[in-house]
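> Take a look at the following structure, please.
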């Protein structure tokens, strides 16, 4: 099973958009990453996103390209400071799920799954980037197996 962790795309400031929807750069970066993931035929059965506008918009773009059979679903528990252990316990055992949310949640979730604790960070996220974690019946530990990031360096 795979878990794809995505920090939402770059968003507009509160002064420009009180709901902080995606900026044009955020939309473009998300489309580019989603297109590459689709080219690799990344299997995603469902996309869960936080209740915030920028996460929903990022999930919608990812879904356009990756076409998850179960679609996208707004989920409680994916906000920046939510409890990662509570959400980790709700991840289906045999599905490939994409989570679209925020920092520091995504960094803490990655550390929680790999180290069994939320600190220290084991990966530096970028807006619109995907971090793929995988575990198998032969090896039940979560491992980072690949990433797609909009910027190198």
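The numbers here are math on the coordinates, done by the rules we state, and not lab data. Bear in mind that the values here come from a model prediction, so they are computed numbers and not experimental data. Positions of Cβ are generated from backbone atoms using ideal geometry, with glycine treated the same way; all protein chains shown enter the neighbour counts.
> Sort out which residues of region 133-146 are within 26 Å of residue 9 (Cα to Cα) and either out of contact with any strand residue (DSSP E or B) (no Cβ under 7 Å at 6 or more places or on another chain) or exposed (fewer than 15 other Cβ atoms within 10 Å of the Cβ) (or both), and write them in order of number.
Just the residues of region 133-146 that are within 26 Å of residue 9 (Cα to Cα), to begin with: 133-134, 142-146.
Matches in region 133-146: 143, 145, 146.
> Within region 1-16, track down each residue that is in contact with a strand residue (DSSP E or B) (Cβ under 9 Å, 6 or more places away or on another chain) and assigned to a loop (DSSP other than H, G, I, E, B). Step through it out loud before you land on a result.
Step one: of region 1-16, the residues in contact with a strand residue (DSSP E or B) (Cβ under 9 Å, 6 or more places away or on another chain) are 1-12.
Hits for region 1-16 are 1, 8, 9, 10, 12.
> Can I ask one more? Considering region 115-127 alone, what residues qualify as being without any contact (Cβ under 8 Å) to a residue 60 or more places away in the chain and either surrounded by 15 or more Cβ atoms within 10 Å (Cβ to Cβ) or at positive phi (or both)? Break it down stepwise before answering.
From region 115-127, those without any contact (Cβ under 8 Å) to a residue 60 or more places away in the chain are 115-124; that's our starting set.
If the condition is that a residue be without any contact (Cβ under 8 Å) to a residue 60 or more places away in the chain and either surrounded by 15 or more Cβ atoms within 10 Å (Cβ to Cβ) or at positive phi (or both), then 116, 118, 121, 123 are the ones that fit.
> In addition: Determine, yes or no, whether residue 109 is farther than 17 Å from residue 148 by Cβ and under 14 Å from the mean Cα position of the chain (by Cα).
Numbers: farther than 17 Å from residue 148 by Cβ: yes; under 14 Å from the mean Cα position of the chain (by Cα): yes.
Answer is yes for this residue.
> Out of 33, 61, which single residue is more than 30 Å from residue 115 (Cβ to Cβ) and buried (at least 17 other Cβ atoms within 10 Å of the Cβ)? Step through it out loud before you land on a result.
On the way: 33 fails: more than 30 Å from residue 115 (Cβ to Cβ).
None of the others qualify; the one that does is 61.
> In addition: Do we find that residue 112 is within 14 Å of residue 6 (Cβ to Cβ) and buried (at least 18 other Cβ atoms within 10 Å of the Cβ) in this structure? Full working, then the answer.
On the way: within 14 Å of residue 6 (Cβ to Cβ): no; buried (at least 18 other Cβ atoms within 10 Å of the Cβ): yes.
Answer is no for this residue.
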